[in-house]
Amino acid sequence: MSISTIITAAGKNSRMRRDQVSRNLEVKNKLILPFENKTVIETTIDNALSANIDECIVVLGHYSSEIKEVIYDNYKDHVKFIKNNPVDVGLSTSLFNGLSNIDSDFALCVTADQPTVSTETLNKLISTIQECENPFNTISVLRRRKTGFLDTAEGLGMPFVAPRLNLMKYLENEDDNLNPILRKIFDDGYTFYGVKEKNKKELLNINHYDDYLTLLD
């Protein structure tokens, strides 16, 4: 089975910018803040490219020029960049746009502000799908509460692996956050399998400046 990675990097970055202003810091998109000798988004891309995938798509939107200026030359030969049009859309639309640009059977969906999610964990998400009995009715997801077979999709988000065409049916004509859509998929009878994190930092997205400091620590 073929697997592509979709990395969403299209958000407004509003919470981070508010935090930077309140701390009298230089206002900079969170995805291009320094992280492990590179930037947040580069670390996320590197982890994805090292996983067992066939291709990688990065979906840009707000501040696309700011982000692309920093990373494009280093990744133009390895990553396909697309841009939301219009840019002011929800996460579900960004994900749908990414999925529309691949042909793979399955998609590993990651958000760019998850630089601590290791290649090892991404490969666990992939292998869970590859080894399950009915992969086209299964979603493997980084757990938030329980591991193994889940009895709810409450609180879940990226990263996860899902059958591409099935996921697109749920995302089409939606412009929402991801969790309500995952809950609907769960209610329709899909199997959700929670994969355990390698360490606690894998469970933390960078939304606020304090999140960033926590991951640097």
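Summary table below
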{"quantity": "Residue that is more than 30 Å from residue 23 (Cβ to Cβ), in contact (Cβ under 8 Å) with a residue 24 or more places away in the chain, among the aromatic types (Phe, Trp, Tyr) and open to solvent by 50 Å² or more (accessible area, probe 1.4 Å), where the choices are 160, 149", "calculated": "149"}
{"quantity": "Of the criteria (1) open to solvent by 70 Å² or more (accessible area, probe 1.4 Å); (2) within 25 Å of residue 215 (Cβ to Cβ), which one residue 187 fails", "calculated": "(2)"}
{"quantity": "Of all residues in the stretch 4-26 being open to solvent by less than 30 Å² (accessible area, probe 1.4 Å) and either assigned to a strand (DSSP E or B) or hydrophobic (A, V, I, L, M, F, W, C) (or both), the one that is farthest from residue 204 (Cα to Cα)", "calculated": "4"}
{"quantity": "Residue satisfying condition, being touching a helix residue (DSSP H, G or I) at 6+ places or on another chain (Cβ under 9 Å), of a type in the set (A, V, I, L, M, F, W, C), surrounded by 12 or more Cβ atoms within 10 Å (Cβ to Cβ) and touching a residue at least 60 places away in the same chain (Cβ under 8 Å), within set 203, 215, 182", "calculated": "215"}
{"quantity": "Qualifying residue in the stretch 129-142 (condition: more than 17 Å from residue 3 (Cβ to Cβ) and free of Cβ contacts under 8 Å to residues at least 40 places away in the same chain)", "calculated": "yes"}
{"quantity": "Check on residue 128, open to solvent by 10 Å² or more (accessible area, probe 1.4 Å), farther than 28 Å from residue 175 by Cβ and over 17 Å from the mean Cα position of the chain (by Cα)", "calculated": "yes"}
{"quantity": "The stretch 83-112, residues that are open to solvent by 10 Å² or more (accessible area, probe 1.4 Å), under 23 Å from residue 33 (Cβ atoms) and at pLDDT 95 or above", "calculated": "83, 111"}
{"quantity": "Selection within the stretch 27-85 - among the small types (Gly, Ala, Ser) and in a helix (DSSP H, G or I)", "calculated": "48, 64, 65"}
{"quantity": "Hits in the stretch 54-82 (condition: surrounded by fewer than 18 Cβ atoms within 10 Å (Cβ to Cβ) and of a type in the set (S, T, N, Q))", "calculated": "65, 74"}
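The values are calculated or read from the model by the stated rules, or taken from the named source; none is laboratory data. Quick caveat: nothing in here was measured; it's all calculated off a predicted structure. Quick reminder, even Gly has a Cβ in these numbers, built from the backbone with ideal geometry, and neighbours come from all protein chains shown. For accessibility, only protein heavy atoms count, side chains too; no ligands or nucleic acids. Shrake-Rupley method; radii C 1.70, N 1.55, O 1.52, S 1.80 Å.
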